[in-house]
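Below is one structure, written out as structure tokens; the observations come after it.
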Amino acid sequence: MAFRNLLSADHGGVRRIIINRPDKLNALNREIIGELHIAFDQARHDDSVRVVVLAGSGEKAFVAGADITELAAATPQQAQQFSRAGQQMMLNIERLGKPVIARIQGFALGGGMELAMCCHLRIASEKAKFGQPEINLGVTPGFGGTQRLLRLAGRGAALELCLTGTPIDAARALALGVVTRVVAAEKLDEEVDALAAQLANSAPHALAGILNAIVLGGESNIDVGLDYETQAFALCCATADMREGTSAFLERRKPSFNGN
Ligand code: COA
């Protein structure tokens, strides 16, 4: 399916999905939220896709938030639908069962920070800026920001960022655990591509098991979380990739995982 606001390209098991609205700093309107939902459903069902990289087009922004023009005209009912649609789209990413890397080159504000936080790994340029500035518009975050920031960075930082709306730089985001890695702007693609390639060459059933245990188990009590882990671990032992990985270790060679 062709998208009006997204670009997509596949290479070596990695699907790159790019939000392509640079004149509005890739702000998320209803249409983009719908397209992202479909694009990630397609990535889920395509066995050739092992990893997704999510990026924004242009140099200035990953995503500068929800579309304020749409927000300004929203009734409470429309705002409720918009919030739920954004939350569902981001849950769909978080629960994809395949690793998703956010490539963050500039502003990741409001819905942009929320979108980055539902990805599993975040590689940021040292020039990136993060924040939940919704308070300055007289609203709360609406796409999961209060909940994911709380879980990633803790209550103190979540309250500070959401209550003040003050942006933070990449170094502070790294210190808070909001990003995985910060790199020089000119190294961003190299680092993202290397990480994506590493994951694309890993055993996909094991990756899915780790994602399930950490993402879903993390929302449950420890008994349920440990059960996710045990089920995933046992399931991996039914795969050819597990035989390959253990044999390769014993034979002192590099494993080659084929996804079976
Ligand atoms: N929604 C809709 N349009 C947005 C947008 C958003 N969240 N963020 C930026 N844009 C648009 C601007 O209106 C402008 O459009 P125009 O050229 O047609 O006037 C264009 O993108 C470029 O943005 P501009 O503000 O001119 O760039 P800047 O470099 O001066 O400032 C930001 C960059 C990110 C600091 C500023 O755009 C901003 O504060 N954006 C809103 C951030 C926000 O509050 N996000 C949470 C939304 S809930």
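Tabulated values for the structure
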quantity	calculated
Checklist (1) surrounded by 16 or more Cβ atoms within 10 Å (Cβ to Cβ); (2) at positive phi applied to L149, failing item	(2)
Test: residue in segment 64-78 that is under 25 Å from D193 (Cβ atoms) and crowded, with 20+ Cβ neighbours inside 10 Å	yes
Search result, residues across segment 5-37 that are basic (K, R) and touching an Asp or Glu at 6+ places or on another chain (Cβ under 8 Å)	R15, R16, K24, R30
Residue that is farthest from I104 (Cα to Cα), among those in segment 16-60 that are within 16 Å of the ligand (Cβ to nearest atom) and part of a strand (DSSP E or B)	L28
Leading residue by the ranking (surrounded by the most Cβ atoms within 10 Å (Cβ to Cβ)) among those in segment 7-19 that are in contact with a strand residue (DSSP E or B) (Cβ under 6 Å, 6 or more places away or on another chain) and not basic (K, R)	I19
Strands (runs of 3 or more DSSP E) wholly inside segment 61-152 that include at least 3 residues being more than 9 Å from the ligand (Cβ to nearest atom) and either in contact with a helix residue (DSSP H, G or I) (Cβ under 7 Å, 6 or more places away or on another chain) or small (G, A, S) (or both)	100-104, 121-125
Test result for L159, surrounded by fewer than 16 Cβ atoms within 10 Å (Cβ to Cβ) and in a helix (DSSP H, G or I)	yes
For A196: the one exception among (1) part of a helix (DSSP H, G or I); (2) assigned by TED's automatic domain parsing to the domain that holds I135; (3) surrounded by fewer than 16 Cβ atoms within 10 Å (Cβ to Cβ)	(3)
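The values are calculated or read from the model by the stated rules, or taken from the named source; none is laboratory data. All values derive from a computational prediction rather than experimental measurement. A quick note on method: Cβ atoms are made from the backbone with ideal geometry, for glycine too, and the neighbour counts reach across all protein chains shown.
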